[in-house]
Amino acid sequence: MFDFWQSLLAALERIAMLPSLIQSAFRLPSRKRVRGDAAGAVRTYDRTMDDLLREVQRLFEAPLEPAKLLAMSGKLQEQFAPKLQASNICMLPSYNHKLPTGLEQGTYLALDVGGSTFRVAVVELTGKQPGSKSMRIVTMKSYTIDNSVRILRGHAFFDWMAEKIECAISDPQVKMINGATSLPMGLAWSFPVEQTSIRSGNLLDMGKGFRATEGLLGEDLSELIMAPCRKRNLPVHMDSIVNDSSATLLSRAYEDPSTRFAVILGTGFNIAVHLPTKALATSKFHGYPQKWLDEASHVLVNTELSMFGKNVFPTTKWDDYLNETHVKPDFQPFEHLISGRYLGEIVRLIIVDAVKTAGLFSGELPQKLDEPYSFETGTLAAMELDESKNLTQATSIFESRHPCSKPPTYNDITFVRHVSQLVSHRAAAYLAAGIHALWYLRTTAEGLTPKSAGRLAIGCNGSVIEKYPLFRELCQSHLDELTTLSGAEPRSIALEVAVESAIFGAAVAVSTLEASA
């Protein structure tokens, strides 16, 4: 095992030399254009590996100059303006308008429904008690959503949910607090829903192979869950429904009251932001109760930021090919450049190009790399973590997932690793530009200037922003540059990981309602 902390410190030293993270490290031994392939035959290639690597480096690093990123932020803000006035697919206000104080207390049942897992947890919020955690999972049960569950039709899926809720609350550790006869539930729902109140919403198509919506589209999600719960006489009631980005913001705000954003960056990408209601057109609140409109000065907004960015972010021929061959070209241009679903695919397309034109892997494409989306972002992350002299772990990881007819050389693995670093670094910088654009939008909507805006925290959740090597640190560094250039104090924005954000956020959403009741 290599010393991770030593490598982290070494990498952080490189951050100080942004925008070129690894410029000096990209000097591979020169390769001739004439090379032998895996079978020993001589092949002629269009260019050397050095030439191709320099081209990739130039294309991926050129847009990362602070002035260019600042210009991208400005273009994004121009795209925000019409969507804040009229759009039914982005810049969507929720019914959550109060942020937690961090003093809320209580015991809640939190439900987290994702694409592959249903989790039921009893969460205790204790407020700011000295010497103890303010949020605690008393007990949690996790149930796999495999294909047999996904194909459950209509009410059968929600009956299955009620069955699992019953199993979870029958645990001996689950005790009612203060003699309560019914546990308040908060639901984090990671699928589209047309919210009609803080605790209700119309069911929309779930996608991902789920058949639960068959015959139920447009019905109230809260009632679909509560009906089978009542049949089982379960002592629960639904108090709140939130999406994953809102849950992340609420969970982090409970511990850090300066939190105003949440970034979800894993397989997918989204950002939630707490904005003044006046930042959105009144038509965005059509159908909201008058009582809500009278009380709300701010609102949690689901930006669906993944849909922005067309003609804003510079792209390469590999990015353009990915978009052109996508099932929904141009639908989520921002996500195509930064999310875990696509980082590996961008690198795969460059590898395919390098094998054909520069003799990478002796001109033979490793197994499965001819298949779209076969090179996983997790593989990139694991290879980037290896800072050892001979890259033995990176080589082993690559070979185990993509065997080659001839063992890959040190230069082959170095090329892939460097390309991965370039692709992930660009993603971190583009994310920083997106966050800066929303930060500037919120600052002006609050009637503030960058200088007077003060410190702001962002809750972060998702495999890429939480676990990808140095991703969050790189994004933070670019954010520091951009906010300082805008006139803000240094370190005005802090990216903070929100642990178990869906579970805690579902509970916090309920607690804020009780506190304001």
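The values are calculated or read from the model by the stated rules, or taken from the named source; none is laboratory data. Fair warning: this is a prediction, and the values are worked out from it, not measured in the lab. FYI the Cβ positions are ideal-geometry reconstructions off the backbone, even for glycines, and counts take in every protein chain you see. Ligands, DNA and RNA are stripped out before the accessible areas are found, and what is left, the full protein with its side chains, is counted by its heavy atoms. Shrake-Rupley method; radii C 1.70, N 1.55, O 1.52, S 1.80 Å.
Output yes when any residue across segment 313-327 is touching a residue at least 40 places away in the same chain (Cβ under 8 Å) and either among the charged types (D, E, K, R) or crowded, with 22+ Cβ neighbours inside 10 Å (or both), and no when none is. Yes; the residues of segment 313-327 include at least one that is touching a residue at least 40 places away in the same chain (Cβ under 8 Å) and either among the charged types (D, E, K, R) or crowded, with 22+ Cβ neighbours inside 10 Å (or both). For segment 315-346, residues that are within 17 Å of V419 (Cα to Cα) and not in a helix (DSSP H, G or I) total 3.
Yes or no, residue by residue, for (1) at pLDDT 95 or above; (2) open to solvent by less than 20 Å² (accessible area, probe 1.4 Å):
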{"position": "P329", "(1), (2)": "no, no"}
{"position": "I350", "(1), (2)": "yes, yes"}
{"position": "A354", "(1), (2)": "yes, yes"}
{"position": "P366", "(1), (2)": "yes, yes"}
{"position": "S374", "(1), (2)": "yes, no"}
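Before we move on, is P469 part of a loop (DSSP other than H, G, I, E, B), at pLDDT 95 or above, under 17 Å from L431 (Cβ atoms) and of a type outside the set (F, W, Y)? So P469 fits the description; yes. The single residue among F191, F210 that is within 30 Å of L99 (Cα to Cα) and surrounded by 15 or more Cβ atoms within 10 Å (Cβ to Cβ) turns out to be F191. Restricting attention to segment 123-145, the residues that are in a strand (DSSP E or B) and either under 25 Å from the mean Cα position of the chain (by Cα) or of a type in the set (S, T, Y) (or both) add up to 10. Scanning segment 386-408 for residues that are in contact (Cβ under 8 Å) with a residue 40 or more places away in the chain and either surrounded by fewer than 19 Cβ atoms within 10 Å (Cβ to Cβ) or under 17 Å from A354 (Cα atoms) (or both) yields E387, S388, Q393, C404, S405, K406, P408. Considering only segment 31-89, state which residues are closer than 28 Å to P276 by Cβ, modelled with pLDDT of 95 or more and of a type outside the set (A, V, I, L, M, F, W, C). Matches in segment 31-89: S73, G74, K75, Q77, E78, Q79, P82, K83, Q85. May I ask you to verify whether V419 is closer than 19 Å to P63 by Cα, open to solvent by less than 30 Å² (accessible area, probe 1.4 Å), at pLDDT 95 or above and assigned to a helix (DSSP H, G or I)? In short, yes.
In segment 498-508 there is no residue that is crowded, with 20+ Cβ neighbours inside 10 Å, free of Cβ contacts under 8 Å to residues at least 60 places away in the same chain and part of a helix (DSSP H, G or I). The set of residues from segment 81-113 being out of contact with any helix residue (DSSP H, G or I) (no Cβ under 6 Å at 6 or more places or on another chain), under 30 Å from K128 (Cα atoms) and surrounded by fewer than 18 Cβ atoms within 10 Å (Cβ to Cβ) comprises T101, L103, Q105. Only a single item in (1) over 26 Å from E376 (Cβ atoms); (2) not in a strand (DSSP E or B) is not met by I458, and it is number (2).
Here segment 41-90 is the region considered, the condition is being assigned to a helix (DSSP H, G or I) and among the polar types (S, T, N, Q), and the residue that is nearest to F361 (Cα to Cα) is Q57.
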